[in-house]
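Right, one structure below, let's go through it.
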Amino acid sequence: MQVPPFSLQKQLSQIGQELDSAVWRVINSGHFIGGEEVKNFEKSFAEACNVSYSIGCNSGTDALVLALRALDIGPGDEVITSSFSFFATAEAISNVGAKPVFVDVDPINYLLDLRLIKQAINSSTKAILPVHLFGCPIDMTELVSFAREKGLKVIEDCAQAAGSSWGGKSVGSMGDAGCFSFFPTKNLGAAGDGGAVTTNDPELAQRIRQLAVHGMPRRYFHTEVGYNSRLDSIQAAILNVKLPLLPKWIRERQKIAEQYNDLLEGLPGIELPFSSLENDHVHSWNQYVIRVKDIPCFDEIGEDNSGQAKEIICSNLPNSKARDWLKRSLEEKGVNTIIYYPIPIHLQPAYKELESNSISLDNTERLCSQVLSLPIFPELTIEEQEHVVNSIRQLVQRK
Ligand SMILES: Cc1ncc(COP(=O)(O)O)c(C=O)c1O
């Protein structure tokens, strides 16, 4: 049996026809940029997140750039964020001319450690950019109250967390701006790139809207240098079909995560992801990420040479051999997993010149050498899940 890490095939067999007519509706209308589909999606997505405004754009990366620019964050400013994320989180900060300042993550939930943020703040700090990584919401009550006390802006990276909430409030509705990605593998995925910024601030919403269209408040009149970053009508039409299904898909993801928790419990060397959120917080499980620690029988099984390139780039990363071996051995059994993320952002070659703030990022570095994302998507069957778990069990209990 082959189990992919992610698949859209079954989803297509369920809603393929609706998607087909949605796409043809746009093509037949000749309205490829803007128009009703985009307007409707922005309205429905704002409602789904319980915010006043949602502005569609070209990608999650652009959503971050637009939010940062609209909040006047630029050269000379520092933004506190996590190095245990997709590169775009920090890239957006750099692209507006500001400096990403990395703070370590909590090793239990893999999210920014709020206690450590305090040590990273200085007079240049302008904002905090938390990531609701893998769909797990960060404690926004504490984060927002701390940020307000210090006069800092909060930009939520919700790229992996459509459908997540904290204290009954949707992610993207608690900071100054929320940035979503509709990349196909996300909880709410388009058929290509897409993104949105959410906010309750009317002036910020207006500025983002203008920046996304060449800094143009009215036709051929440009008040600032902006971007061409629009959610295109075909993507909006696809998202309009999918958005009503998001709550059901999140419930299915949650059920899969619970099943993994039950099936994997007690396996040697494997640590399960944090999942004990209280009832009014919702984890949307974009990824189910285990940590591969000391597999008892690993030493006897032997070496893993596949990690060589990684080790050359990141010689200071802890040993990832057990995890890399498990990944490769699972592949041989038809179980395809992904490593999110093998190299922390601060150790990427692109950031070798970045002045470090000498804060330890040990948890981040350890996680990068241990994490493994198991297959998860709403249509994953129990048989497929059992194959994943049985394969892991056979490998880690080989002795
Ligand atoms: C945490 C995080 N932030 C930002 C992005 C960027 O989103 P996009 O790929 O839509 O530009 C991603 C996408 O993978 C992400 O996972």
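Miscellaneous remarks
- Highest average first, the peptides 75-86, 377-388 ordered by how many other beta carbon atoms sit within 10 Å of their residues are 75-86, 377-388.
- Per-peptide average of other Cβ atoms within 10 Å, ordering 243-253, 201-211 highest first: 201-211, 243-253
- Using the Stokes-Einstein relation with a Kirkwood hydrodynamic radius computed over Cα pairs, the translational diffusion coefficient of the chain at 4 °C and a viscosity of 1.567 mPa s comes to 59 µm²/s.
- Of the beta bridges in the chain, as assigned by DSSP with both residues counted there, near 60 percent are antiparallel.
- Cα long-axis angle, helix 60-70 against the chain (0 to 90 degrees, to the nearest 10): 50 degrees
- Proximal lysines to Lys293, defined as alpha-carbon separation beneath 23 angstrom and excluding residues fewer than eight positions away on the same chain: Lys310, Lys321, Lys327, Lys333, Lys399
- Our note on the geometry: Cα centres of region 365-399 and region 23-95, 33 Å apart.
- Against the chain, whose longest principal axis is taken from its Cα atoms, helix 140-150 shows a tilt of about 60°.
- In the chain, the longest principal axis of the Cα atoms and the axis of helix 202-212 are about 80 degrees apart.
- Taking Glu271, Glu258 and ordering them by how much accessible surface each has at a 1.4 Å probe, largest first, produces Glu258, Glu271.
- The chain, accessible area per residue, ligands and nucleic acids excluded (1.4 Å, Å²): 44 Å²
- Protein accessible area in region 169-238, 1.4 Å probe - carbon and sulfur %: 51 percent
- Listed residue pairs exceeding 21 Å between alpha carbons, taken from Lys99/Lys150; Lys118/Lys150; Lys43/Lys169; Lys126/Lys150; Lys10/Lys43; Lys10/Lys186: Lys10/Lys43
- Kirkwood Rh in Å, taken over all unlike Cα pairs in region 127-258: 16.0 Å
The values are calculated or read from the model by the stated rules, or taken from the named source; none is laboratory data. Predicted, not measured: the structure shown is a model, and the values here were computed from it. Neighbour counts are summed over all protein chains in view; Cβ atoms, including those assigned to glycine, are modelled from backbone coordinates with ideal geometry. We work out accessible area using only protein heavy atoms, side chains counted, and drop any ligands, DNA or RNA first. Shrake-Rupley method; radii C 1.70, N 1.55, O 1.52, S 1.80 Å.
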